[in-house]
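J.: Dropping a structure here in structure tokens format, bear with me for questions.
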Amino acid sequence: MTIELNIVERWRDFPILNQQVNGHPLVYLDSAASSQKPRCVIDAVADYYREDNANIHRGVHQLSQRATDAYEGAREKVRGFVNAAVVKEIVFVRGATEAINLVAQSFVRPQLSAGDTVLVSQLEHHANIVPWQMVCEQTGATLQVIPMTQSGELDLSGIDELLTGSAKILAIGHVSNALGTVNPIKGLIAKAHDKGIPVLIDGAQAVPHMAVDVQDLDCDFYVFSGHKMFAPTGIGALYGKRSILEQMPPWQGGGDMILSVSFEHTQYNDLPYKFEAGTPNIAGTIGLGMAIDYMQEVGIDNIAAHEHNLLVAATERLEVMEGVNIIGTAAEKASVLSFMIEGVHPHDVGTIFDQQGVAIRTGHHCAQPVMQFYEIPATARASFAFYNKLSDVDALVASIEKVQEMFA
Ligand code: PMP
């Protein structure tokens, strides 16, 4: 009860939620696409620009030193957030997409040749498919796919045949953005490691909702985006095991990733700077650090418990609505409820919802193979964050009823 009380008031920390859309109070059910930002994150970004703005690492002056301290302080916060062993294992990137491309090009590409495979699943976001297709095209390797079941879970019946010596990496999502399925990644990581196959986890949809411990998972890489976890856009993190990152060549060249440069020889910087070419998103990084502080103050277990309540409540309501089909009914789900309303295209659903002030996402959610599996073009997707209220579930149901009324 105390958990519930603490958390139900948290929406007040998000100034954007306090507005009317089309004459209705905004109900924001699109956090899987991008979360809203609490006041403290907005202030941290503004304060940096107002008080400390300067480039980092090379400046001897006060502002540069303050900016550097804040930037590196955020790295330590990210380390703690995912429980990495050392800060050297945290590389700042633009987001999950950039992190996956970095690993594909720097770690996997040099090891791949014709006959090798890269293993993903049918549940992946395009960001965890296309970089691997590109690296396969570049090397002659083949992309292999762990299939899915009707409920939206991984079909692991053939996993032993897929995890063979030719597989050079298993790249798999922690939580599906289209369906909300939580994958059994710990077991999969152990299985892949038994065969000597490294594992990248796409945690973009997991970190806003649950505690992540990369040492406990024993994954080789874990990637995520700040903007889905209450931080600004354009900042995210790549966790990589130190022993692996040390062996990887830089991905991009430029400033900050070097120790010395001459035309004869360039000596690369140490971890993690070797992978941070160019002036980074300093303000975004500081915002990410503040988002982590904020999430830890709210309590990640409180967040998970409240969102679970919201998802269960919404699922129970939609399950009994005639003409409404939930897409993705995995036993373990987080935050996401995809659905179809019979006889209505999801885009029309989204437009009518918007007229009611309810923001949901409609489309393929950058997961077209999931849509192909169900032989549908799109779904309507409601996704929750801890700032949602139980009354938002009422608004979801009322909007569905409105759609059905209009299409009756
Ligand atoms: N993976 C998953 C599971 C996602 O949901 C997303 C964003 N929708 C991404 C990767 C890509 O994240 P970004 O666009 O922030 O790089």
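Throughout, read-outs are computed from the coordinates displayed, never taken from laboratory work. Every value quoted in this text rests on a predicted model; they were computed, and no experiment measured them. Please note: Cβ atoms are built from the backbone with ideal geometry, for glycine as well, and neighbour counts cover all protein chains shown.
J.: Straight-line reach only, C-alpha to C-alpha below 17 angstrom: list the lysines that Lys88 could link to, leaving out same-chain residues fewer than 8 apart.
T.: Excluding near neighbours in sequence, the set is Lys77, Lys241, Lys274.
J.: Once fully extended, how much extra length lies between Thr233 and Glu401, figured as 0.36 nm per residue of separation less the alpha-carbon to alpha-carbon distance? It would help to have the intermediate numbers written out before the result.
T.: Numbers: separation 168, 0.36 × 168 = 60.48 nm, distance 3.41 nm.
Gain on extension, Thr233 to Glu401, equals 57.1 nm.
J.: Please label the shape of segment 326-402 as rounded, prolate or oblate, based on the square roots a ≥ b ≥ c of the eigenvalues of the alpha-carbon gyration tensor (a/c under 1.5 means rounded; beyond that, a/b larger than b/c means prolate, else oblate).
T.: Details: a/c = 1.94, a/b = 1.23, b/c = 1.57.
Because a/c hits 1.5 or more and a/b fails to exceed b/c, segment 326-402 counts as oblate.
J.: Contact order normalised by length for the chain, with contacts defined as Cα pairs under 8 Å and 6 or more residues apart; what percent is it?
T.: Across the chain, relative contact order equals 23 percent.
J.: Restricting the count to DSSP beta bridges whose residues both fall in segment 42-297, what percent are antiparallel, rounded to a multiple of 5?
T.: Values: 14 of 29 bridges.
Here the share of antiparallel DSSP bridges comes out near 50 percent.
J.: Please build a GNM for the chain, connecting alpha carbons under 10 Å apart, and tell me which residue among Val21, Val199, Val60 fluctuates the most.
T.: Result for the chain, Cα springs under 10 Å: Val60 fluctuates most.
J.: Right, something else. Using a Gaussian network model of the chain with C-alpha springs under 10 Å, which one of Glu98, Glu264, Glu276 is most mobile by mean-square fluctuation?
T.: The residue that fluctuates most here is Glu264.
J.: Working out 0.36 nm times the residue gap between Met134 and Glu297, then minus their Cα-Cα distance, what length gain in nm do you get to one decimal?
T.: Details: separation 163, 0.36 × 163 = 58.68 nm, distance 4.07 nm.
Stretched out fully, the Met134 to Glu297 stretch lengthens by 54.6 nm.
J.: Can you give me the C-alpha center-to-center distance between segment 108-172 and segment 11-33, rounded to a whole angstrom?
T.: Segment 108-172 and segment 11-33 have Cα centres separated by 38 Å.
J.: Additional query: When only C-alpha pairs under 8 Å and at least 6 residues apart count, what is the relative contact order of segment 1-149, in percent?
T.: Details: 122 pairs, mean separation 18.8, N = 149.
Averaging sequence separation for qualifying contacts and normalising by length gives 13 percent for segment 1-149.
J.: Net charge near Asp256, counting Lys/Arg +1 and Asp/Glu -1 over other residues with Cβ under 11 Å of its Cβ? It would help to have the intermediate numbers written out before the result.
T.: Working: positive: Arg58, Lys274; negative: Glu276.
So the surrounding residues net to +1.
J.: Would you grab the residues whose amide H sits under 5 Å from the one on Thr142? Only those 5+ places off in sequence or on another chain, please, with H modelled 1.01 Å from N.
T.: Those lying under 5 Å, H to H, from Thr142 are Gly115, Asp116, Thr117, Val118.
J.: Rounded to a whole number, what is D in µm²/s for the chain from Stokes-Einstein with the Kirkwood radius over alpha-carbon pairs (4 °C, 1.567 mPa s)?
T.: Values: Rh = 22.2 Å.
After rounding, the answer is 58 µm²/s.
J.: If you don't mind, there's one more thing I want to ask. Just rank Thr97, Thr164, Thr149, fewest to most, by other beta-carbon atoms within 10 angstrom. Don't skip to the answer; put the middle values down first.
T.: On the way: Thr97 21, Thr164 12, Thr149 15.
With the sparsest Cβ surroundings first, the list reads Thr164, Thr149, Thr97.
J.: What is the gain in length, in nm to one decimal, between Ala305 and Asp270 on full extension, counting 0.36 nm per residue of separation less the C-alpha to C-alpha distance?
T.: Numbers: separation 35, 0.36 × 35 = 12.60 nm, distance 4.01 nm.
The span from Ala305 to Asp270 would gain 8.6 nm if fully extended.
J.: Next up: Place a label point 7 angstrom from the Cα of Ile376 along the Cα-to-Cβ direction, then list the residues of segment 344-359 whose backbone nitrogen is under 15 Å away.
T.: Residues 344-350 qualify, since their backbone N sits under 15 Å from the label point.
J.: Please label the shape of segment 268-408 as rounded, prolate or oblate, based on the square roots a ≥ b ≥ c of the eigenvalues of the alpha-carbon gyration tensor (a/c under 1.5 means rounded; beyond that, a/b larger than b/c means prolate, else oblate).
T.: Values: a/c = 2.33, a/b = 1.76, b/c = 1.33.
Prolate, because a/c is 1.5 or more and a/b exceeds b/c.
J.: Quick one: grab the alpha carbon gyration tensor of segment 5-134, order the square roots of its eigenvalues as a ≥ b ≥ c, and give me rounded if a/c is under 1.5, else prolate or oblate depending on whether a/b is larger than b/c. Display every interim value, and only then the final one.
T.: Values: a/c = 2.46, a/b = 1.23, b/c = 2.00.
Here segment 5-134 falls in the oblate category.
J.: List every DSSP H helix in the chain whose Cα atoms extend 18 Å or more along the helix's own long axis and whose mean Kyte-Doolittle hydropathy is at least 0.0.
T.: Working: long enough: 62-82 (30 Å, -0.86); 282-298 (24 Å, 0.89); 300-319 (28 Å, -0.04); 390-406 (25 Å, 0.42).
Span-like helices here: 282-298, 390-406.
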